Amino acid sequence: MGRTRLIVWRGTDEFRAESAAVELYDGGLRATGTQIGADYRVDYDLDATGEGFVTNALTVTAQGEGWSRALTLRREQMGDDVLDCDLALSPLTNAMPILRHGLHEQPGAVDFTMAWVDVPSLTVHESRQRYEHVAPGVVRYVDDSFSSELELDHDGLVVRYPGLAERAG
């Protein structure tokens, strides 16, 4: 059995809040969470207990006034080169590639192809991303249109994601 943490983030770019119960294991994590924006709500269940924090499944529901959507993304649907999902606007899903390579603790830079899930449409797109160790507890995230230095706690979970979110409380 792992260790469970309750983490709450607030948006720094627009109104948004996210709460996640994150269970950390040796080499994996599970999380259930809710993200609320001005005109939507997203609930998710993440299973990243594959060897080395690999995503096994992400189940997401999104709803707003007069609409709802659902998505279940399983490992076998993501492609051979895609080990992780990236739920848009969520600081949580940055954890898997960072933890897999210990980038919050040691030097390195790694390129990834992610299954990026748009919020609130829940459409899935391939996303090329790079994570680079900057200093202990600081990792630079880079994609085709954005770059930010993520501040992480001792477990490798985001404390501050400039331009997106920060821990509440």
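One table, with the values for the structure above:
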read-out: From the options ASP118, ASP111, ASP153, residue that is farther than 23 Å from ASP45 by Cα and of a type in the set (D, E, K, R); value: ASP111
read-out: Residues satisfying the stated conditions in segment 1-16, i.e. open to solvent by 40 Å² or more (accessible area, probe 1.4 Å) and either over 21 Å from ILE98 (Cβ atoms) or charged (D, E, K, R) (or both); value: MET1, ARG3, ARG5, ARG10, ASP13, GLU14, PHE15
read-out: Filter result for VAL8 (β-branched (Val, Ile, Thr) and farther than 21 Å from PRO162 by Cα); value: no
read-out: Conditions (1) modelled with pLDDT of 95 or more; (2) closer than 26 Å to PRO136 by Cα; (3) surrounded by fewer than 18 Cβ atoms within 10 Å (Cβ to Cβ); number of the one not met by ILE98; value: (3)
read-out: Hey, PHE112 under 16 Å from LEU83 (Cα atoms), open to solvent by 20 Å² or more (accessible area, probe 1.4 Å) and not small (Gly, Ala, Ser) or not; value: yes
read-out: Residue within segment 82-92 that is of a type in the set (Gly, Ala, Ser) and either under 18 Å from GLY11 (Cβ atoms) or at pLDDT below 95 (or both) present; value: yes
read-out: Number of the condition not met by THR34 [criteria: (1) among the hydroxyl-bearing types (Ser, Thr, Tyr); (2) farther than 20 Å from GLN77 by Cα; (3) in contact (Cβ under 8 Å) with a residue 40 or more places away in the chain]; value: (3)
read-out: Any hit, segment 150-162, residues being open to solvent by 20 Å² or more (accessible area, probe 1.4 Å) and in contact with a Ser or Thr (Cβ under 7 Å, 6 or more places away or on another chain); value: yes
read-out: Leading residue by the ranking (nearest to PHE53 (Cα to Cα)) among those in segment 18-37 that are hydrophobic (A, V, I, L, M, F, W, C) and open to solvent by less than 20 Å² (accessible area, probe 1.4 Å); value: LEU29
read-out: Any chance THR55 is open to solvent by less than 60 Å² (accessible area, probe 1.4 Å) and in contact with a Leu (Cβ under 7 Å, 6 or more places away or on another chain); value: yes
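Here is a yes/no grid of residues against (1) out of contact with any Phe, Trp or Tyr (no Cβ under 8 Å at 6 or more places or on another chain); (2) under 18 Å from GLY33 (Cβ atoms); (3) among the charged types (D, E, K, R):
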position	(1), (2), (3)
ASP118	yes, yes, yes
ARG140	no, no, yes
VAL158	no, yes, no
ALA168	no, yes, no
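Listed here are the residues, each with its yes/no results for (1) among the acidic types (Asp, Glu); (2) within 25 Å of TYR141 (Cα to Cα); (3) open to solvent by 60 Å² or more (accessible area, probe 1.4 Å).
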| position | (1), (2), (3) |
| --- | --- |
| GLY64 | no, no, no |
| SER68 | no, no, yes |
| ARG74 | no, yes, yes |
| ASN94 | no, yes, no |
| PRO107 | no, yes, yes |
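The values are calculated or read from the model by the stated rules, or taken from the named source; none is laboratory data. Keep in mind the model is a prediction, meaning the values are calculated, not measured. All Cβ positions, glycine included, derive from the backbone under ideal geometry; neighbour counts span all protein chains shown. All accessible areas refer to the heavy atoms of the entire protein, side chains included, with ligands and DNA or RNA removed. Shrake-Rupley method; radii C 1.70, N 1.55, O 1.52, S 1.80 Å.
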